[in-house]
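Working notes, beginning with the structure itself.
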Amino acid sequence: MKSLFRHQSELSKVIDPIAADAVRDALSHVFYVTSWGYGADHWFSWFVKALNANPEIMAYLANEGSRPKYFPEERSRAQRPDLIKYTRFVADVGMTYTAIGDCYSYRPTMMHAVLEEWPDIVRVVQLTRHPYAWLFFHVRWRATNMRMLGGEQGPLEHEWLHGCDHELFKRLGLKSYKKEDIEVWTTFQGMWKMNDVASDTKMPIRQIPVEQVVASRELFCEIIDYLTHGRIKYDDKLLNLIYSWVWTPFRGEQPLRVLPKALRADWQDWQIEAFDKLVSPEAQDCFRQLGYEL
């Protein structure tokens, strides 16, 4: 045993620690794109696919939000890995690439640790979505059992038990529902979660409507320049390719070309009542400040 400890002590003397400058450089190749939730929204998918179309970028697509669906023994769906450790992990596995990032696993208010530990080293942006469109995907994602390939219902069960304030919905006199009325209670859940926009927009993170990104190559390139510290450029050929995907559903997606106004026009009375009662005036003002008409 003494021999083993002596060997470990001698080993520590010959292992050179990574220099602080090298650590900072490695971390500067990591970026985050936050959101209010992915929900299999095609434009959110498009952005990540556009990132990965560049051979010098590796981007995760809601990886740490999806992983607990299949490995619930590791952590609950509401939990995320320690952000400092996770950032170091991402920097480590991304050494092959000029830039590596995680998209949509975290919300803006979950980024405090990174923003405090590595300000302007690890870059972060937030992609927003019109709340009516975001709600559509939020509900559809859950009504289709979150694309669980094995048919497990644990993730949806978790949201029913821990992701909804059923007493609040009842107290407000909203439409009554049962557990199997997924479209109803996940609509209330989504509207209730919309209030988080008020705290999200207070974070020192640039908020960018994804609707603007799919319409502007210049804005897309500006985002890439920011996230990668100017290390990566997209040429016209690559931009032509990725922008040809904006309206093309990917495998597992359904075609959708519905304007937010059209989505709102299809709401039934119970949905209109719920929005008015659940989404605070402050949250609605935040959406308007982001450029969204309600």
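The values are calculated or read from the model by the stated rules, or taken from the named source; none is laboratory data. Keep in mind the model is a prediction, meaning the values are calculated, not measured. Quick reminder, even Gly has a Cβ in these numbers, built from the backbone with ideal geometry, and neighbours come from all protein chains shown.
Would you tally the residues in the range 139-174 being of a type in the set (Lys, Arg) and modelled with pLDDT of 95 or more? Show your work before the answer.
Just the residues of the range 139-174 that are of a type in the set (Lys, Arg), to begin with: 140, 142, 147, 170-171.
Still in the running and modelled with pLDDT of 95 or more: 170-171.
Final tally of qualifying residues: 2.
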Take the range 189-217 and flag every residue that is more than 20 Å from the chain's Cα centre (by Cα) and not small (Gly, Ala, Ser).
-> Arg217
Answer residue from the range 40-73, given it is touching a Gly at 6+ places or on another chain (Cβ under 9 Å), more than 9 Å from Tyr104 (Cβ to Cβ) and part of a loop (DSSP other than H, G, I, E, B) and is modelled with the highest pLDDT among those | Ala40
Qualifying positions in the range 106-128 - farther than 24 Å from Pro68 by Cα and not aliphatic (A, V, I, L, M) | Glu116, Glu117, Trp118, Pro119, Asp120, Arg123
Residues in the range 170-199 that are buried (at least 16 other Cβ atoms within 10 Å of the Cβ), touching a residue at least 24 places away in the same chain (Cβ under 8 Å) and under 14 Å from Glu273 (Cβ atoms) total 7
Scan the range 152-167 for residues that are under 19 Å from Met194 (Cβ atoms), in contact (Cβ under 8 Å) with a residue 60 or more places away in the chain and part of a helix (DSSP H, G or I) and jot them down.
-> Glu159, His162
For residues that are among the small types (Gly, Ala, Ser) and loosely packed, with under 14 Cβ neighbours inside 10 Å, scanning just the range 48-99, find the one that is nearest to Leu115 (Cα to Cα).
-> Ala78
When you scan the range 74-102, how many residues do you find that are at pLDDT 85 or above and among the polar types (S, T, N, Q)?
-> 3
Sort out which residues of the range 84-110 are in a loop (DSSP other than H, G, I, E, B), farther than 15 Å from Leu61 by Cβ and either touching a helix residue (DSSP H, G or I) at 6+ places or on another chain (Cβ under 8 Å) or β-branched (Val, Ile, Thr) (or both), and write them in order of number.
-> Met95, Thr96, Thr98, Arg107
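Could you count how many residues in the range 97-118 are more than 28 Å from Asp285 (Cβ to Cβ) and without any contact (Cβ under 8 Å) to a residue 40 or more places away in the chain?
First, the residues of the range 97-118 that are more than 28 Å from Asp285 (Cβ to Cβ): 97-102, 113, 117-118.
Still in the list and also without any contact (Cβ under 8 Å) to a residue 40 or more places away in the chain: 113, 117.
Residues in the range 97-118 being more than 28 Å from Asp285 (Cβ to Cβ) and without any contact (Cβ under 8 Å) to a residue 40 or more places away in the chain: 2 in total.
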Starting from the range 69-81, keep only residues that are in contact (Cβ under 8 Å) with a residue 12 or more places away in the chain, then list their pairs with residues that are part of a loop (DSSP other than H, G, I, E, B) whose Cβ atoms are within a distance under 7 Å, requiring at least 6 positions of separation or different chains.
-> Lys69/Arg77; Lys69/Met148; Arg80/Ser105; Arg80/Tyr106
Tell me which of these Ser216 doesn't satisfy, since it passes every other one: (1) in contact with an Asp or Glu (Cβ under 9 Å, 6 or more places away or on another chain); (2) under 17 Å from Pro131 (Cβ atoms); (3) small (Gly, Ala, Ser).
-> (2)
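Scan the range 33-78 for residues that are of a type in the set (Ser, Thr, Tyr) and in contact with a helix residue (DSSP H, G or I) (Cβ under 7 Å, 6 or more places away or on another chain) and report the count.
First pass over the range 33-78, keeping only residues of a type in the set (Ser, Thr, Tyr): 34-35, 38, 45, 60, 66, 70, 76.
Still in the running and in contact with a helix residue (DSSP H, G or I) (Cβ under 7 Å, 6 or more places away or on another chain): 34-35, 38, 76.
Selection size over the range 33-78: 4.
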